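Peer 1: Here it is, the structure, as structure tokens.
The values are calculated or read from the model by the stated rules, or taken from the named source; none is laboratory data. Here the structure is a predicted model, which means the values were calculated and not measured. Heads up, the Cβs are rebuilt from the backbone with ideal geometry, glycines too, and the neighbour counts pull from every protein chain shown.
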Amino acid sequence: MKIRVIQWNISTSSKPQAIASFIEDRIKSYTVVNLQEVTANAHNKIIDTLKPSDSVYSLHLRKPGKYEERNRRMGVSTLVFNGRIENFSLLERTIFPERTLDVRLLFGSESIHIINFHSLTGVGYHKAKPSNFAAIADYLDYYHNDLDFFTCDANEPKVDTLNDDEIEFWNRGDKGKKASLLFGKSKVHNLKDAFKVYLDKKGNYEDKNPLAVSHMTKGVPRRYDFIYASKKWEPTYIEYSYEKSIKSTSDHSMVMGEFVNNV
């Protein structure tokens, strides 16, 4: 089976119609789209335009309270095309559960387990950021043998490299140790960065920092957005489309991957 996985932080300030149009051109056959920084208005407009066969929005599971402000009104969405969602939940022990989704879906008879999350920025949350990574790491450690993909805006790393042992993470009071549980040499799961697997397979690449651009922080290019895949799924194509994504009103690159089941 061949499937397409799309990861995108669409930004709360983006224009939903422009976002939907960009996604629409990239939907092929079996496609799952994971979005972050999704407001209720954006979710509804994107759904109305794209008309996925199934979808789930995290703020439907954890609604903002009466006195909660902007931070609690930004969720994540999972959209499925030519498939259906069997069940879903939040990662309840994280700092902001509504920035997470655990989704099990079906493409034909193929069952897919995928996690969608948006990391804390770290700028204003300080030690909450590593605590959040620790909660996600616990979840991945428990489920990784039953997990096909996870996608995220990680707001990490500080230094990107092909070698997981050489990645550097932001120090938020833990010297980057908690981020390493997800993305570095201390990984607690067996999923791999699909872009690195694809580059290795292609064999024509530079070990640069970053390996691709997905976001700019104060003018500095970063690769903060990821698709991780189990060894069951071989990446045949991965694209970071930063310039086109910016023109489509987000401040992050869409990451698009095509995968074939090699089991």
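Peer 1: State whether the residues of segment 164-176 include one that is crowded, with 20+ Cβ neighbours inside 10 Å and within 29 Å of LEU79 (Cβ to Cβ).
Peer 2: Just the residues of segment 164-176 that are crowded, with 20+ Cβ neighbours inside 10 Å, to begin with: 167, 169, 172, 176.
Keeping just the survivors that are within 29 Å of LEU79 (Cβ to Cβ) gives none.
Within segment 164-176 (the criterion being crowded, with 20+ Cβ neighbours inside 10 Å and within 29 Å of LEU79 (Cβ to Cβ)), the answer is no, since none of the residues qualifies.
Peer 1: Taking segment 150-169 only, how many residues are touching a helix residue (DSSP H, G or I) at 6+ places or on another chain (Cβ under 8 Å) and not in a loop (DSSP other than H, G, I, E, B)?
Peer 2: Residues in segment 150-169 being touching a helix residue (DSSP H, G or I) at 6+ places or on another chain (Cβ under 8 Å) and not in a loop (DSSP other than H, G, I, E, B): 3 in total.
Peer 1: Sticking with this one: Does segment 35-46 contain at least one residue that is surrounded by 14 or more Cβ atoms within 10 Å (Cβ to Cβ) and of a type in the set (Ser, Thr, Tyr)?
Peer 2: The answer is yes, given that some residue of segment 35-46 is surrounded by 14 or more Cβ atoms within 10 Å (Cβ to Cβ) and of a type in the set (Ser, Thr, Tyr).
Peer 1: Could you tell me which numbered condition LYS232 fails, if it satisfies all but one of (1) free of Cβ contacts under 8 Å to residues at least 60 places away in the same chain; (2) under 17 Å from ILE114 (Cα atoms); (3) not hydroxyl-bearing (Ser, Thr, Tyr)?
Peer 2: Condition (1) is where LYS232 drops out.
Peer 1: Which one of the conditions (1) closer than 21 Å to TYR228 by Cα; (2) modelled with pLDDT under 95 does ARG70 fail to meet, given that it meets all the rest?
Peer 2: Condition (1) is where ARG70 drops out.
Peer 1: Mind telling me which of the residues ASP251, ASP207, ASP225, ASP193 ends up being under 15 Å from the mean Cα position of the chain (by Cα), surrounded by fewer than 21 Cβ atoms within 10 Å (Cβ to Cβ) and touching a residue at least 24 places away in the same chain (Cβ under 8 Å)?
Peer 2: ASP251
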